[in-house]
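A short write-up of the structure that comes next.
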Amino acid sequence: MEANPDIVQEFFRFSETIAHHFLVTIYRLPQNVLSSLLQRATIALGLQERYSLVGSCKFLVTLLRETFANGDLTREADALMDIHGKQMISAVIYAVASSAPRSATVNIGEVLYYLASKRAMQSRAYLTEILFSADFTTKHPLATQKSKEQFISLILAARSGNKTRAAISQFQSVARGLEGTSYGYVSI
């Protein structure tokens, strides 16, 4: 995916269109194909190439928004969160803390907003498990327990995408060691 960002971007643009216009068709795909599609979208959240990452975010946001809004797809929405929710949240958290360009924070925030606002209890459990894991703590020692707890509280209390983005920007500054710097201040 890193070698062909233009193809990745167009693939997710196509996938987003399918999710918007033919949502039920996506859920009628064989389980292994659907899982592969969602895994690729989740992996793309960790890319440093902005356009591929944004394409993946737009696809996931469309898929989540349309799925959670459609009352006929409750079973699919539950399965989506049970099977792929933790991986999506993990990819978002690691992207925010290190790999994603800061210019993609808006798009990444939308993914987290839809997950946390529509499935708050599962999101709380996943966020807590990921942020307080030994792996995350080792890779991001600047993110203190207090900043992690505050981040979880702000994300789950957010009632708009703007509040989610603000929480992400604040946590991103802490995790990347930009808190209190002029760059960290200007880029928020």
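Which three lengths, in whole Å and largest first, does segment 1-69 cover when its Cα atoms are put on their principal axes?
Result, largest extent first: 31, 23, 16 Å.
Which of the peptides 85-95, 17-27 is most tightly packed, and how do the rest follow, judged by the mean count of other Cβ atoms within 10 Å per residue?
Result, highest mean Cβ count within 10 Å first: 85-95, 17-27.
If you plug each phi of segment 108-119 into the Karplus form 6.51 cos²θ - 1.76 cosθ + 1.60 with θ = phi - 60°, what whole-Hz ³J(HN,Hα) values come out, in order, with x for Gly and Pro?
Those phi angles translate into 5, x, 5, 4, 5, 4, 5, 5, 6, 7, 9, 9 Hz.
Can you work out the FRET efficiency for the pair Lys118 and Ala3, with r the C-beta to C-beta distance and R0 = 41 Å, to the nearest 0.05?
0.75
Heavy atoms of the protein only, probe of 1.4 Å, neighbouring chains included. What is the accessible area of Arg50 in Å², nearest 10?
80 Å²
When the C-alpha atoms of segment 34-133 are aligned to their principal axes, what extent does each axis show, in angstrom, from largest down?
36, 29, 23
On the protein heavy atoms, probe 1.4 angstrom, tell me the percent of accessible surface of the chain carried by carbon and sulfur.
The value for the chain is 55 percent carbon and sulfur by accessible area.
Ignoring ligands, DNA and RNA, what accessible area per residue does segment 1-148 give at 1.4 Å, in Å²?
49 Å²
With no solvent and one point on each alpha carbon, what is the Debye value of log10 I(q)/I(0) for segment 80-188 at q = 0.11, 0.23 Å⁻¹?
-0.29, -1.38
Taking every Cα atom in segment 84-124, find the radius of gyration and the maximum pairwise distance Dmax, and write them in Å.
Just the Cα atoms of segment 84-124 yield Rg and Dmax of 10.0, 29 Å.
Among the lysines, which fall within straight-line cross-link reach of Lys58, defined as a Cα-Cα distance under 30 Å, with same-chain neighbours fewer than 8 residues apart omitted?
Those lysines meeting the cut-off are Lys86, Lys118, Lys139, Lys148, Lys163.
Could you state the principal axis extents of the C-alpha atoms in the chain, from the largest down, to the nearest angstrom?
That gives 48, 37, 29 Å along the principal axes, largest extent first.
The values are calculated or read from the model by the stated rules, or taken from the named source; none is laboratory data. Fair warning: this is a prediction, and the values are worked out from it, not measured in the lab. Note: ideal-geometry Cβ built from the backbone for every residue, glycine included; neighbour counts use all protein chains shown. With ligands, DNA and RNA removed, areas are computed over all heavy atoms of the protein, side chains included. Shrake-Rupley method; radii C 1.70, N 1.55, O 1.52, S 1.80 Å.
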